[in-house]
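**Q** So that we are looking at the same thing, I have put the structure below in structure tokens.
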Amino acid sequence: MKFTVADLLDQLSTGEALPVAKLEKALGLSQKAEKEQLRIGVSALSRLGLLQESEAGLQRLENEALIPARLRCSSKGFCFALREDGGEDVYIRDHQLNHAWNGDRVLVRITREGGRRRSPEGGVQCILERHTTSLLAQVEQQDDRLVAQPLDDRLLTTVVLPSGDSQHLHPEQPSVVEVCVDRYPVGQHPPQGHVARSLPIQGGDAADLDLLLTKHRQQSRIAPPRVSPKAPPSQGRDDLSALPTLLLESWSGKEAPELAAISLEELPGGWRLWLHAPSVAERISAGSTLDQWLREQANAVCLGQQWQPLLSAALAKAAAFKPGESQSALSVALELDSSGALQHFRFCRSQILVDGVATTPALEALVERKPKSRAVPAALKALKDQLPLLEQLITTTELLRNQRLLAGSIDLDLPLPAIERLGDLAIPAPESPNQGWLVQLPTHHPAAILRECVLVAERALGRHFAALALPGLFATNPAPNSADLNEVAKAALALDIPLELSEDGHASAAELAQAFAATDRKRALQQQLKGTLRAEQLEAEPGPHAVAGEATALAPWCNPTLHYADLWNQQLLLTLLNDGKDRPSVRHKTSVDLASDSCHGVIDWPLLAPSFLTPYRDDLAHGLIERLNGRTRLQEDLQHDLVAMAQARQAEPLVGQTLPGVISGVQSYGFFVEVPPSNVEGLVHVSSLKDDWYEYRSRQNRLVGRKNRRSYMLGDTVEVVIEHVDALRHQIDLSVVLPEGSELEGQELEPNEA
């Protein structure tokens with residue numbers, strides 16, 4: 001089918017009916033069969049109460065009983081619908097899935113309200129968008145049918161294959177194939193598909209990347225439209241060429257995106273920090289074919305030593321900053337006091353000149369340089385004239401970081417392992433990440449400096465849009481649930497970690513992070529804390545952003561080479577700067593500065609004509625946020641698998657070896673151990689502990705032997721043997737090395753039950 005149910009609904013509004021002919025055109029339907037499929041879909045959605053049809057056309061109906069969500073299933077058959085509105089997850093029993101698969105966008109109806117310790121239950125009423133159009137699988141013969149058994153055990157189904165695909169059946173040497181889904185399950189009929197190609201399992205780094213891109217359906221991308229970027233207008237730009245300006249560069253992968261540039265001026269009692277973002281929005285037309293293509297890509301995706309860029313090659317080249325060349329930018333002047341607190345800000349279209357590029361080796365050489373040394377290290381010679389600016393930037397951004405931490409933001413010392421194939425994945429992006437915490441970095445790291453500048457600049461735009469009631473894309477990140485934090489606090493107290501709780505017995509995430517940082521079980525405890533932190537997501541309304549330390553609003557705009565959301569907000573900012581009304585009428589001689597926070601609270605007239613705001617409001621009404629959030633989650637899953645695959649490959653040569661590790665999690669069925677240097681995590685199953693029966697004590701995060709009282713608890717150092725590595729499923733089986741005599745003591749005991 002050429003369109004999804006989500007595509008159909010996104011074209012409709014609750015306000016005005018859309019003629020069927022216009023809907024067919026919007027969906028690109030020209031064939032009779034395609035139009036008949038639309039008619040079937042309209043009929044079904046009408047019965048569900050999602051739309052109504054009249055002589056004027058089709059109109060969407062609000063149905064609060066049907067909740068949009070994305071399915072998340074486990075290999076054990078447990079499925080939850082993760083609500084797009086951030087509400088409590090809904091448990092879906094297998095007979096209520098109605099042929100929906102893991103990752104599908106669905107509409108869910110609540111059938112049973114949740115209780116204190118029970119999630120609400122519901123059933124899938126409609127599949128909005130299929131996530132799995134192709135999959136990795138192994139071919140098997142089941143009775144008289146040839147089937148594909150998905151490699152992803154969260155897909156609780158098999159796909160029937162044509163008999164001609166039997167050439168891929170190799171029982172003695174299983175291989176992996178890519179299967180395209182030709183028909184999803186209908187009624188009692190199972191899904192059908194065909195083998196598209198075979199994929200090597202042990203083909204090296206390039207083959208592994210191909211496997212993961214295929215798994216996540218990212219192996220082929222639609223080519224960008226052949227559109228030349230527009231030249232930004234030269235009139236009305238602030239000439240900032242005289243400002244000393246630096247690029248901070250930490251990525252080196254192929255097609256790595258260009259990022260913002262930084263300037264700094266000293267003021268009486270503080271500083272004026274400038275951030276200059278590539279002005280991508282000025283080079284494209286909003287709503288054009290190129291704009292729609294960028295919207296579909298959503299983000300640049302790091303694949304380790306190479307990138308899938310967001311921008312087309314021509315657009316990336318046109319917008320990039322190059323040392324010694326004048327370039328158009330979108331800039332913000334951020335006035336900071338002596339403690340690093342934001343006082344005022346002003347945006348502008350600008351012309352800048354980059355003086356140099358500060359890389360990681362250069363900044364390390366700067367820190368290692370003796371204070372009174374006259375010699376300039378080789379890594380710093382190209383930046384000789386910018387050394388005072390660099391030193392002041394490090395000092396200023398350290399103040400910004402302190403302000404952020406005081407506001408409740410969290411830095412965790414949980415970097416990715418130093419595996420060569422991870423490349424740029426191991427270096428954090430200069431923005432608030434989606435996991436709800438920031439990787440702790442040295443204050444002189446280029447990513448650390450740029451990150452603090454980006455966060456305060458995006459805080460400024462968020463406050464500006466919120467104060468002017470503009471329909472921006474706001475990034476929100478709510479504080480973690482207090483009950484989840486209490487569970488982590490209880491685990492820490494059971495390990496004799498000193499904690500100071502508030503009068504009501506609670507501890508904040510920031511307080512826990514600070515307490516854990518001073519312990520010898522820091523990494524294990526921080527991993528537990530990490531699991532309680534909520535993901536960032538885009539919203540149409542401003543709200544708090546815990547990881548950025550922002551209580552009001554945060555609007556991303558500084559990284560249009562990384563995220564379409566930043567580009568969209570740039571378009572809105574440009575509309576404000578170019579077309580906003582700075583006075584009630586032309587008869588008024590006094591105007592306000594719409595680019596500055598000085599206009600907040602003084603505007604009582606329409607800021608923009610409806611014709612300027614309508615396209616932005618239509619985008620929000622037609623599912624832009626849901627699509628960008630969904631696309632981001634899928635791309636994060638790909639990057640998570642890239643890391644897991646790299647760690648598993650590092651562990652494969654170590655099978656049979658005894659290595660030290662740290663217990664990173666304890667469950668009733670065993671405990672997880674993190675094994676350096678790749679920090680790969682494997683499972684010691686309780687059935688492999690032959691020396692005793694072990695009881696699980698959840699409040700203490702430990703397993704305790706009934707007879708010998710030996711315990712395994714969070715943060716303990718243990719020796720383990722790597723027994724088996726399944727790199728495709730990222731599963732590592734471990735066994736613990738028991739003290740001498742332990743196995744003899746346990747010979748009379750029956751084996752533990754799984």
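**Q** Can you tell me which residue is farthest from residue 456 (Cα to Cα) among those in region 333-388 that are in a loop (DSSP other than H, G, I, E, B) and among the hydrophobic types (A, V, I, L, M, F, W, C)? It would help to see each step written out before you state the result.
**A** Here is the first cut: in region 333-388, the residues in a loop (DSSP other than H, G, I, E, B) are 338-341, 354-355, 369-377.
Checking which are among the hydrophobic types (A, V, I, L, M, F, W, C) leaves us with 341, 354, 375-376.
Details: 341: 9, 354: 21, 375: 35, 376: 32 Å.
That would be 375.
**Q** Here's another thing I want to ask about it. Among the residues of region 209-242, how many are over 30 Å from the mean Cα position of the chain (by Cα) and of a type in the set (Asp, Glu)?
**A** Of the residues in that region, 2 qualify.
**Q** If you go through region 57-74 one residue at a time, do you hit one that is free of Cβ contacts under 8 Å to residues at least 12 places away in the same chain, farther than 23 Å from residue 190 by Cα and assigned to a helix (DSSP H, G or I)? Before the answer, list the steps.
**A** Of the residues in region 57-74, the ones free of Cβ contacts under 8 Å to residues at least 12 places away in the same chain are 64.
Applying the additional criterion that residues be farther than 23 Å from residue 190 by Cα yields 64.
Filter once more, keeping what is assigned to a helix (DSSP H, G or I): none.
No: region 57-74 contains no residue that is free of Cβ contacts under 8 Å to residues at least 12 places away in the same chain, farther than 23 Å from residue 190 by Cα and assigned to a helix (DSSP H, G or I).
Yes/no matrix, rows are residues, columns are (1) surrounded by 24 or more Cβ atoms within 10 Å (Cβ to Cβ); (2) closer than 24 Å to residue 426 by Cα:
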| site | (1), (2) |
| --- | --- |
| 245 | yes, no |
| 255 | no, yes |
| 277 | yes, yes |
| 293 | no, no |
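**Q** Answer yes or no as to whether residue 633 is closer than 30 Å to residue 475 by Cβ and surrounded by fewer than 20 Cβ atoms within 10 Å (Cβ to Cβ). Outline the logic, then answer.
**A** Working: closer than 30 Å to residue 475 by Cβ: yes; surrounded by fewer than 20 Cβ atoms within 10 Å (Cβ to Cβ): yes.
Here the answer is yes, as residue 633 does meet what is asked.
**Q** Applying the selection to region 426-446, what residues are surrounded by fewer than 21 Cβ atoms within 10 Å (Cβ to Cβ), in contact (Cβ under 8 Å) with a residue 24 or more places away in the chain and not in a loop (DSSP other than H, G, I, E, B)?
**A** 439, the sole residue that qualifies.
**Q** Does residue 319 satisfy the condition of being closer than 18 Å to residue 452 by Cα and assigned by TED's automatic domain parsing to the domain that holds residue 577?
**A** Working: closer than 18 Å to residue 452 by Cα: no; assigned by TED's automatic domain parsing to the domain that holds residue 577: yes.
Spelling it out, it is not the case that residue 319 is closer than 18 Å to residue 452 by Cα and assigned by TED's automatic domain parsing to the domain that holds residue 577.
**Q** Any chance region 76-98 includes a residue that's loosely packed, with under 14 Cβ neighbours inside 10 Å, under 30 Å from residue 170 (Cα atoms) and outside the structural domain of residue 40 (by TED's automatic domain parsing)?
**A** yes
**Q** Among the residues of region 150-171, write down those that are within 12 Å of residue 138 (Cβ to Cβ) and under 26 Å from the mean Cα position of the chain (by Cα).
**A** 150, 151, 152, 153
**Q** Now a separate question. Which residue out of 213, 136, 156, 146 is part of a strand (DSSP E or B), of a type outside the set (Phe, Trp, Tyr) and in contact (Cβ under 8 Å) with a residue 60 or more places away in the chain?
**A** On the way: 213 fails: part of a strand (DSSP E or B); 156 fails: part of a strand (DSSP E or B); 146 fails: in contact (Cβ under 8 Å) with a residue 60 or more places away in the chain.
The match here is 136.
Rundown of residues vs (1) touching a residue at least 40 places away in the same chain (Cβ under 8 Å); (2) buried (at least 19 other Cβ atoms within 10 Å of the Cβ); (3) closer than 30 Å to residue 282 by Cβ; (4) in contact with a helix residue (DSSP H, G or I) (Cβ under 9 Å, 6 or more places away or on another chain), yes/no style:
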position: 336; (1), (2), (3), (4): yes, yes, yes, yes
position: 352; (1), (2), (3), (4): yes, yes, yes, no
position: 374; (1), (2), (3), (4): no, no, no, no
position: 393; (1), (2), (3), (4): yes, yes, yes, yes
position: 397; (1), (2), (3), (4): yes, yes, yes, yes
position: 405; (1), (2), (3), (4): yes, no, no, yes
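The values are calculated or read from the model by the stated rules, or taken from the named source; none is laboratory data. Computed from a predicted structure; not experimentally measured. No Cβ is skipped: glycine too gets one built from the backbone with ideal geometry, and neighbour counts run over all protein chains shown.
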